[in-house]
Amino acid sequence: MVRIGISPDPSHSGGEPPAPRHVAIIMDGNGRWANSRGLPRTAGHERGVEALRRTVEAARDLGISYLTVFSFSTENWRRPASEVNTLFGLLKAYVQRDLERLKQDGVRIRVIGQREGLPADIAALVDRAERETAHNTRFHLTIAFNYGSRNEILRAATAYAQAIADGTCKGAATEDGFAAFLDTRDLPDPDLVIRTSGEFRISNFLLWQAAYAELLFVDVLWPDFNRAHLESAISRYHERERRFGSVNPGAT
């Protein structure tokens, strides 16, 4: 794991390697961004939504096929009710404002995490966004909302064990069999996981899926994240040597 200070990278040339297929981002630093400017935390979350819009557009332009963002964790319920309500409202506003454009742009939306406990209007909007974009294939946007990876793994393990017990799944338990019960069962594992704000944690995000992902911890606060930062992260990703537990064929 390497912590990097983000510096904008020059534009790409046609000879550069392709972008990682799947990038996941822990969008951290909204509160600190607002506090440093004497603003309420809600202002940071609002600016964070604008950063998400920029990042979705940049990811598509740069050739990324899958983008997964950590928006609201199961632990975020511990925050003040007013802040939780703001986060719910921002998700609702984002989907309502952007859904038609995302549909037309060929974006498929998925929302992973627990649906239980979400306000009825939010749950209905999530269902609508997934249903109306289900046939899009140009770009895949996954929003982790009311999500925690330990909870996801527990739910998957419970469902898998039940499927084995009732005969739905035959044979011994396997990694692929287990992964079919995860929230991300239709997604490839992430190649690159980025956390903004300078923290060195993955905070219960995609623990199973990120087993061999490259991890980058960047100092920029999420509301300030932009295309240049994403380009720089991709450039750093290409400096890594991914061996997946093996060795470099040229090593001695």
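Pull out all pairs, ordered by first then second residue, where Cβ-Cβ is under 9 Å, the residues are six or more apart or on different chains, the first lies in the stretch 171-193 and is more than 11 Å from A210 (Cα to Cα), and the second is among the small types (G, A, S) and exposed (fewer than 15 other Cβ atoms within 10 Å of the Cβ).
Correct list of pairs: A173/A161; G177/G171; F178/A157; F181/A157.
For a quick check of your reading of the model, give me the residue pairs whose first member lies in the stretch 204-216 and is under 15 Å from R240 (Cα atoms), whose second is surrounded by fewer than 18 Cβ atoms within 10 Å (Cβ to Cβ) and of a type in the set (A, V, I, L, M, F, W, C), with beta-carbon atoms closer than 9 Å and at least 6 apart or on different chains.
That search, which allows pairs on different chains as well, returns Y212/F244; E214/M1; E214/V2; L215/M1; L215/V2; L216/M1; L216/V2; L216/I4.
When only residues in the stretch 214-232 that are within 15 Å of the chain's Cα centre (by Cα) and crowded, with 20+ Cβ neighbours inside 10 Å count, which is nearest to P190 (Cα to Cα)?
So, considering only residues that are within 15 Å of the chain's Cα centre (by Cα) and crowded, with 20+ Cβ neighbours inside 10 Å, the one nearest to P190 (Cα to Cα) is E214.
Filtering the stretch 179-208 down to residues that are over 19 Å from Y66 (Cβ atoms) and of a type in the set (S, T, Y), which residue is surrounded by the fewest Cβ atoms within 10 Å (Cβ to Cβ)? Steps first, answer last, please.
Step one: list which residues in the stretch 179-208 are over 19 Å from Y66 (Cβ atoms), which gives 181, 197-201, 203-204.
Then drop every residue that is not of a type in the set (S, T, Y), which leaves 197, 203.
Details: S197: 21, S203: 14.
Looking at residues that are over 19 Å from Y66 (Cβ atoms) and of a type in the set (S, T, Y), I get S203.
Confirm whether A211 is assigned to a loop (DSSP other than H, G, I, E, B), of a type in the set (A, V, I, L, M), surrounded by fewer than 21 Cβ atoms within 10 Å (Cβ to Cβ) and within 16 Å of the chain's Cα centre (by Cα).
So A211 passes the test.
So which residues in the stretch 35-50 are closer than 16 Å to S197 by Cα and among the hydrophobic types (A, V, I, L, M, F, W, C)?
Within the stretch 35-50, V49 is the sole residue that qualifies.
Of these, E75, E50, which one is within 28 Å of P40 (Cα to Cα) and at pLDDT 95 or above?
Result: E50 is the single residue among E75, E50 that is within 28 Å of P40 (Cα to Cα) and at pLDDT 95 or above.
Among the residues of the stretch 201-252 satisfying the criterion of being of a type in the set (F, W, Y) and modelled with pLDDT of 95 or more, which is nearest to N76 (Cα to Cα)?
F205
Got a number for residues in the stretch 147-202 being at positive phi and among the polar types (S, T, N, Q)?
1
Out of V69, V49, report the one residue that is free of Cβ contacts under 8 Å to residues at least 60 places away in the same chain, surrounded by 15 or more Cβ atoms within 10 Å (Cβ to Cβ), under 16 Å from the mean Cα position of the chain (by Cα) and not in a loop (DSSP other than H, G, I, E, B).
Just one listed residue meets the conditions, V49.
In the stretch 117-146, how many are in a loop (DSSP other than H, G, I, E, B), buried (at least 17 other Cβ atoms within 10 Å of the Cβ) and aliphatic (A, V, I, L, M)?
The qualifying residues number 1.
Before we move on, is G38 out of contact with any Pro (no Cβ under 9 Å at 6 or more places or on another chain), free of Cβ contacts under 8 Å to residues at least 24 places away in the same chain and part of a helix (DSSP H, G or I)?
no
Pairs only if they're at least six apart or on different chains, beta carbon under 6 angstrom, first in the stretch 79-107 and surrounded by 17 or more Cβ atoms within 10 Å (Cβ to Cβ) and outside any helix (DSSP H, G or I), second at pLDDT 90 or above and not small (G, A, S); list them, first residue then second.
Going by the 6 Å Cβ cut-off, the qualifying pairs are V107/N136; V107/F139; V107/L141.
The values are calculated or read from the model by the stated rules, or taken from the named source; none is laboratory data. The structure displayed is predicted, hence computed values, not measured ones. As a convention, Cβ positions derive from the backbone with ideal geometry for all residues, glycine included, and neighbour counts pool all protein chains shown.
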